[in-house]
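A short reminder: the numbers here are calculations on the coordinates, not readings from a lab. Keep in mind it's a predicted model, so treat the numbers as computed, not measured. Using ideal geometry, Cβ is built from the backbone for each residue, glycine included, and neighbour counts are taken over all protein chains shown.
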Amino acid sequence: MAGIWEYRGLIRKIAVTDLKIRYKNSVLGILWSLLQPLMTFIVLLIVFTGLMINRSIENYPLYLLLGIIGWGFFDKATGFSLGSIVNKPQLVKKIYFPREVLVVSACLTALMMSLIEFAVFGLFMLIAGVMPTWMIVVFPAILLIEFTLALGVSLAIASLNVVLRDIQWIWPVVMQAGFFLTPILYSMDILKGIPFAWVLQYNPMGSILEAMRHVLIGRPAPLLFDLGYAALVAAAMLAIGWLIFVRLEPRFGEEV
Amino acid sequence: MFPRKATEKDPGRSAKPAVVVRNLTKEFVIPHERKTTLFENIRGVFQPSVYEKFVVLNDVSFTVDRGDSLGIVGFNGSGKSTLLKLIANILRPTAGSIEVNGRITPFLELGVGFQNDLTARENIEVYSTMMGLGDGEIKKNMDSVLEFAGLTQFRDTKLKNFSSGMQVRLAFATAIQRRPEILLVDEVLAVGDMDFQKKCLDVFKQFREQGVTMLFVSHDLSSVRKFCNKTLLLRRGGVYAFGETNQIVDRYIYSAKPREPPAPAGNGAEKAGSPARAPAANPGTARPAAGQLPEEQRKVAITALEFIDKHGAASSNFVTGDPMTIRVRYEVRQVIDALDFSITIYNEAGVYCYATDTQAKNYTVDRTAGKRALDLVIGRIPMLDGVYYITVAAAPPSGDAYDWHEKEYSFVVQKETPDSGLFEIDCRWALPGPGNGHGR
């Protein structure tokens, strides 16, 4: 993994190129990366404000939007990574470089897109009159933890997808379930009393979103606990993902 | 196009050979029914899969010294490309080891990672980064790369608007901007037009003079001869011969009969450096294995095939444009009603080049009992460089052949003209005028 640092130039190049190509032939170009989460946000906002599920949540629009963007990063990173090996057979079969480069680049593409979204979120905060506090300095650390978690999962699914192509169909379903099992639309409080709902508090994405909301919009949360727990899970996931990847990597040249 | 890490901390430029391959074996597992989905895998638990192991390379060992250019030749399926991919670290060995001392630049395919939606300039940037160049270096080289490719005015044109020739030029120009340490070339020269091929060869020659180590997979024996000081001949995944190019090409390729030597299953007999089988002394007289019937039951048996040159001597080396006679020796053992002979010519790539038979030429074959001979007289050889294989058959006008020898014999043609391609066309350049054009 340390050898990857040598290839940072390539990682950056592939990530930037993928970003360019992704929206190359659409009229609105990279704006789509912003419009998509915003549109999801508007739809969910209308539906859920109407349903009045969230009376207890202060600043619900910001709460919801931050949840969508925060989750969106994880969703995009794993989604892009899923095909990062199998969709580049030309590279994998004809040239050598550590294959991790492709997965790291995919996560980086997702990060770049999400950073723009977070910047737009900043605008929304200002519009809503919520001023960030000094706590914002913790934000990059949270993002780093999320990146690590996403990279760990990505390494696992990207390499498994080479030998088991089913993963590419299963993963979107997993992500869909994840969207509803993570406190994006709701807060954990409303789940009190529902049997087995306590399991959901072990969802590291829940801790990550909770921490983001704490440092950006001041929602009360046990920050240190959330960060510690999420970091621990992320590190473990990275180790597991990397082990799976290294195990399967020698087969890439033949199976892609 | 990536620097593959040297196996040692200090590559020790001067002393260590560039590539050392030791007892390399590569097997591909080919399932009869490939399981790539989860469902198939679950079903497979109850229904164990049937698969075959296909040994592509078997116990291959050789060493490439710094500055050598090694030609890797062999039939289709002899493992040449697999060997390059293993050295490039794209595939991993099943057994054995590969030691590489230096930065490898593989030219397994030109334009790897080229994206249609990016401009020429952007593609150069991406491709160069893949070859391990830094941003500064890429910027510095940009103009000269575009110039070499002859695409300076198209720098901001998207790749999809380029012709395939332009794309190849762009790819090549990008790929060669930095002098490699160890270059792996897999028949890249087979693409592009004549001009481009010449340009490639010039660049490779220059690299060779600069002491770049090169491994060069090719079907084109004449470029291997021109270009490589050492040659590795692979047969059935083993090293059949390895050594000085001229020696290998002459002894093993030009004079050996093209049949694969009969090797025992799972053979490990063909060890490095010790060509296990002496080639047949005379290509034209090699006794083939049985065709269909056992030797003694055949009514007609083909006993030999000879190639006779313009001096009337048996030979296997010919020059384009020279006359040639193919002499078939056969024995008629039983009285038969009719007998025809056919001769088919294939090139090295197995392409069916030409076929003729005695019936088509209205020639009546001597079918009286005894030892006989028959000549196919060729006025001038139209083929340019290459090795050609002959299939000869003796048959009645209809029904099963009495005897046939499938690609048992071979001869080599070398050209003496600067023309290139498959065959020579009788042509000249001229000013348009009366008496020149065939039409008006």
**Fill in**
Between B:A241 and residues 5 or more places away or on another chain, the pairs with built amide H atoms under 5 Å apart involve B:L233
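Take A:M188, A:M39 and order them by how many other Cβ atoms sit within 10 Å, fewest up front.
Final ranking by Cβ density, sparse to dense: A:M39, A:M188.
For the pair B:A360 and A:W134, what calculated FRET efficiency results from E = 1/(1 + (r/R0)^6), where r is the Cβ-Cβ distance and R0 = 60 Å, to the nearest 0.05?
Values: r = 95 Å, r/R0 = 1.59.
According to the calculation, E is roughly 0.05.
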**Asked** Which ³J(HN,Hα) values, rounded to whole Hz and listed in residue order, are derived for the range B:52-61 from phi using the Karplus coefficients 6.51, -1.76 and 1.60 in 6.51 cos²θ - 1.76 cosθ + 1.60 with θ = phi - 60°, glycine and proline given as x?
**Response** 10, 9, 10, 7, 8, 10, 10, 6, 8, 9
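Between A:L200 and A:N87, what FRET efficiency follows from the Cβ-Cβ distance if R0 is 56 Å, with the result rounded to 0.05? Could you put the intermediate results ahead of the total?
Working: r = 33 Å, r/R0 = 0.59.
The formula returns an efficiency of 0.95 here.
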**Request:** For chain A, restrict the atom set to alpha-carbon positions and state the Rg and Dmax in Å.
**Result:** 18.7, 57
**Prompt:** Of all chymotrypsin sites (Phe, Trp or Tyr not before Pro) in the range B:292-383, which ones are in loop regions per DSSP and have a Cβ with at most 15 other Cβ atoms within 10 Å?
**Reply:** B:Y363
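Pick out, in residue order, every one of the chymotrypsin sites (Phe, Trp or Tyr not before Pro) in the range A:174-240 that is DSSP loop and has at most 11 other C-beta atoms within 10 Å; say none if there are none. Walk me through the numbers before you get to the answer.
Values: sites: A:F179, A:F180, A:Y186, A:F196, A:W198, A:Y202, A:F225, A:Y229; in loops: A:Y186, A:F196.
For chymotrypsin sites (Phe, Trp or Tyr not before Pro) across the range A:174-240 that sit outside H, G, I, E and B with at most 11 neighbouring Cβ atoms in 10 Å, the list reads A:F196.
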**Amide hydrogen neighbours beyond the local backbone of B:D65, cut-off 5 Å, H modeled** = B:A18
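What number, rounded to the nearest 500 deg cm²/dmol, is the helix-based mean residue ellipticity at 222 nm of chain A, given -39500 (n - 2.57) per DSSP H run of at least four residues and division by all its residues? Provide the component values of the computation, followed by the final result.
Numbers: 10 runs with 178 residues, N = 256.
Per the formula, -23500 deg cm²/dmol.
Please work out whether the range B:381-440 counts as rounded, prolate or oblate from its C-alpha gyration tensor, where a ≥ b ≥ c are the square roots of the eigenvalues and a/c under 1.5 means rounded, while otherwise a/b larger than b/c means prolate and anything else oblate? Numbers along the way, then the final one.
On the way: a/c = 6.77, a/b = 1.99, b/c = 3.40.
Oblate shape, in that a/c is at least 1.5 and b/c is the bigger or equal ratio.
Enumerate by residue number the GluC sites (Glu not before Pro) in the range A:192-256 meeting two conditions: DSSP loop (anything except H, G, I, E, B), and at most 10 other Cβ atoms within 10 Å of the site's Cβ.
Numbers: sites: A:E210, A:E254, A:E255; in loops: none.
Of the GluC sites (Glu not before Pro), not one in the loops of the range A:192-256 has a Cβ with at most 10 other Cβ atoms within 10 Å.
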**Karplus (6.51, -1.76, 1.60) ³J(HN,Hα), θ = phi - 60°, over the range B:302-314, in Hz, Gly and Pro reported as x** = 7, 9, 6, 9, 10, 10, 10, 8, 5, 8, x, 9, 5
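Quick check: from the Cα gyration tensor, does the range A:1-134 come out rounded (a/c under 1.5), prolate or oblate? Please report the intermediate quantities before stating the final value.
Details: a/c = 2.55, a/b = 2.20, b/c = 1.16.
Prolate.
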**Request:** For the range B:72-138, give the magnitude of the charge dipole about the Cα centre (Cβ charges: +1 Lys/Arg, -1 Asp/Glu; no others), in debye to the nearest 20.
**Result:** 420 debye
**Inter-label distance for B:Q153 and B:D322, nm, one decimal - labels placed 7 Å from Cα along Cα-to-Cβ** = 4.9 nm
**Item:** Number of partner chain Cβ atoms within 10 Å, mean per residue of A:93-102
**Value:** 6
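Pull out the extension gain between B:S398 and B:C353, defined as 0.36 nm times the separation in residues minus the alpha carbon to alpha carbon distance; nm, one decimal.
Working: separation 45, 0.36 × 45 = 16.20 nm, distance 2.34 nm.
Between B:S398 and B:C353, full extension yields an extra 13.9 nm.
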**Item:** Shape of the range A:99-177, Cα gyration tensor, a/c cut at 1.5
**Value:** prolate
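Rounded to the nearest whole Å³, what is the per residue volume of the convex hull around the Cα atoms of the protein assembly as shown? Display every interim value, and only then the final one.
Values: hull volume 172.6 nm³, N = 696.
Expressed per residue, the convex hull around the Cα atoms of the protein assembly as shown is 248 Å³.
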**Request:** Provide A:C107, B:C353, B:C427 in ascending order of the number of other Cβ atoms located within 10 Å of each residue's Cβ, fewest first.
**Result:** B:C427, B:C353, A:C107
**Request:** Could you list which residues have their amide H under 5 Å from that of B:T105, counting only those 5 or more apart in sequence or on another chain, with H placed in the peptide plane?
**Result:** B:E181, B:I182, B:L183, B:L184
**Asked** From the phi of every residue in the range B:68-77, what ³J(HN,Hα) in whole Hz does the Karplus formula 6.51 cos²θ - 1.76 cosθ + 1.60 yield, where θ is phi - 60° and glycine or proline is x?
**Response** 6, 10, 9, x, 10, 10, x, 5, 4, x
**Request:** Taking 7 Å along the Cα-to-C-beta vector as the label spot, tell me the B:N116-A:A235 distance in nanometres, rounded to one decimal.
**Result:** 4.7 nm
**Prompt:** Label B:D143 and B:Q247 with points 7 Å out from Cα along Cα→Cβ: what is the distance between them in nm?
**Reply:** 5.0 nm
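Let me have the relative contact order for chain A, percent, based on Cα pairs under 8 Å that are six or more residues apart. Spell out each step's value before the answer.
Values: 273 pairs, mean separation 67.9, N = 256.
The value is 27 percent.
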